[in-house]
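Note sheet for the following structure.
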Amino acid sequence: MERAVYGAVVLAAGSGSRMNTKTAKQYLLLNGKPLIYYALRQFQDSEVEKIVLVVAQGQEDYCRKEIVERYGFTKVCAVVPGGSERYLSVHAGLKALDGIDYVLIHDGARPCVDQDILKRTMEEVARWQACVVGMPVKDTIKIVDEQQMAQKTPDRRMLWQVQTPQAFSYDLIRGAYDKVVASGEQTVTDDAQVLELALGRTSRLIEGSYRNIKVTTPEDLDVAQIFLKNVK
């Protein structure tokens with residue numbers, strides 16, 4: 001049996017407006033290195049063979065020189081411009097990949113992903129064809145109305161907070177994205193949802209880590225610095 005080939009789409013096209021800085025959050029320094037460095041380093045050191053880095057329009061040359069070449073990310077096979085929404089950026093990344101069996105889609109704003117998460121994700125996607133990293137929620141969740149009045153309290157045991165990477169058979173997720181993008185759907189927030197909308201298929205949830213945070217606000221940056229203090 002031939003060994004499966006894995007690729008990755010790493011997203012770094014967001015503006016990071018909630019960070020309240022002039023610098024896009026993917027370039028903010030974390031312990032002396034840009035935030036996007038950490039996710040790329042983990043994928044570089046994994047069994048993934050090809051990485052597509054998706055960046056904001058006009059930042060391709062900068063990222064190629066100052067991120068990819070500077071830090072020796074030899075597995076990055078393409079740096080491509082993203083779209084106005086996350087799902088359009090993912091679609092652009094998927095189109096830049098070829099010759100792979102499975103793809104891991106990861107938000108570059110999650111710098112604390114590690115080798116254990118990547119290894120388990122790659123094992124599980126080969127088994128299930130679609131899997132999503134996440135963790136059970138710790139807090140009670142309320143469903144509210146437009147006036148922020150609590151309406152329902154769902155069973156916490158059935159709720160997970162979704163993280164990335166989200167991994168899929170390449171042909172499966174590429175076909176789903178092609179269909180959703182062609183339809184003009186505007187409400188997609190994650191990759192598993194694309195699969196649900198386009199094909200009516202569900203994804204397997206696998207445990208990631210509570211450390212695998214998404215850096216969205218200045219407070220998140222402080223926490224990530226602590227988690228990554230010993231990462232080279």
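I'd like the residue in segment 125-162 that is in contact with a Phe, Trp or Tyr (Cβ under 7 Å, 6 or more places away or on another chain) and part of a loop (DSSP other than H, G, I, E, B) and, out of all such residues, is surrounded by the fewest Cβ atoms within 10 Å (Cβ to Cβ). Please lay out each step first, then the result.
Step one: list which residues in segment 125-162 are in contact with a Phe, Trp or Tyr (Cβ under 7 Å, 6 or more places away or on another chain), which gives 125-126, 129-130, 134-137.
This time we only want the ones that are part of a loop (DSSP other than H, G, I, E, B), so: 129, 137.
Numbers: Gln129: 18, Val137: 14.
Out of the qualifying residues, it is Val137.
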Q | Selection from segment 163-196 of residues that are part of a strand (DSSP E or B) and in contact with a Ser or Thr (Cβ under 9 Å, 6 or more places away or on another chain) | A | Gln163, Pro165, Gln166, Ala167, Phe168
(Q) So, in segment 200-216, how many residues would count as being at pLDDT below 95 and under 12 Å from Phe168 (Cβ atoms)? (A) 0
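Taking into account only those residues within segment 69-92 that are in a helix (DSSP H, G or I) and closer than 16 Å to Ala24 by Cβ, which is modelled with the lowest pLDDT? Steps first, answer last, please.
Start the filter on segment 69-92 by keeping residues that are in a helix (DSSP H, G or I), which leaves 69, 86-92.
Checking the rest, the ones that are also closer than 16 Å to Ala24 by Cβ come to 86, 89.
Details: Arg86: 93, Ser89: 96.
Per the criteria, the residue is Arg86.
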Q. Across segment 189-209, which residue is farthest from Val132 (Cα to Cα) among those that are surrounded by fewer than 15 Cβ atoms within 10 Å (Cβ to Cβ) and among the β-branched types (Val, Ile, Thr)?
A. Thr189
Q. Of the residues Asp139, Asp178, which is without any contact (Cβ under 8 Å) to a residue 40 or more places away in the chain and farther than 20 Å from Asp114 by Cβ?
A. Asp139
(Q) Being in a helix (DSSP H, G or I), of a type in the set (Ser, Thr, Tyr), within 26 Å of Thr217 (Cα to Cα) and open to solvent by 60 Å² or more (accessible area, probe 1.4 Å) narrows it down to one residue among Tyr38, Tyr62; which is it? (A) Tyr62
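Output the residue which, of all residues in segment 41-56 that are in contact (Cβ under 8 Å) with a residue 60 or more places away in the chain and part of a loop (DSSP other than H, G, I, E, B), is surrounded by the most Cβ atoms within 10 Å (Cβ to Cβ). Write out each step before concluding.
Of the residues in segment 41-56, the ones in contact (Cβ under 8 Å) with a residue 60 or more places away in the chain are 41-43, 45-48.
Next, only the ones that are part of a loop (DSSP other than H, G, I, E, B) stay: 45-48.
Values: Asp45: 12, Ser46: 21, Glu47: 13, Val48: 23.
Top of the filtered list is Val48.
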Q: Output the number of residues of segment 65-97 satisfying the condition of being among the polar types (S, T, N, Q), under 20 Å from Ala182 (Cα atoms) and open to solvent by 40 Å² or more (accessible area, probe 1.4 Å).
A: 1
**Q.** Among (1) open to solvent by 40 Å² or more (accessible area, probe 1.4 Å); (2) modelled with pLDDT of 95 or more; (3) not in a helix (DSSP H, G or I), the one test that Ile105 misses
**A.** (1)
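The values are calculated or read from the model by the stated rules, or taken from the named source; none is laboratory data. Computed from a predicted model, the values in this text were never measured in an experiment. Heads up, the Cβs are rebuilt from the backbone with ideal geometry, glycines too, and the neighbour counts pull from every protein chain shown. Calculation scope for accessible area: heavy atoms of the full protein, side chains included, ligands and nucleic acids excluded. Shrake-Rupley method; radii C 1.70, N 1.55, O 1.52, S 1.80 Å.
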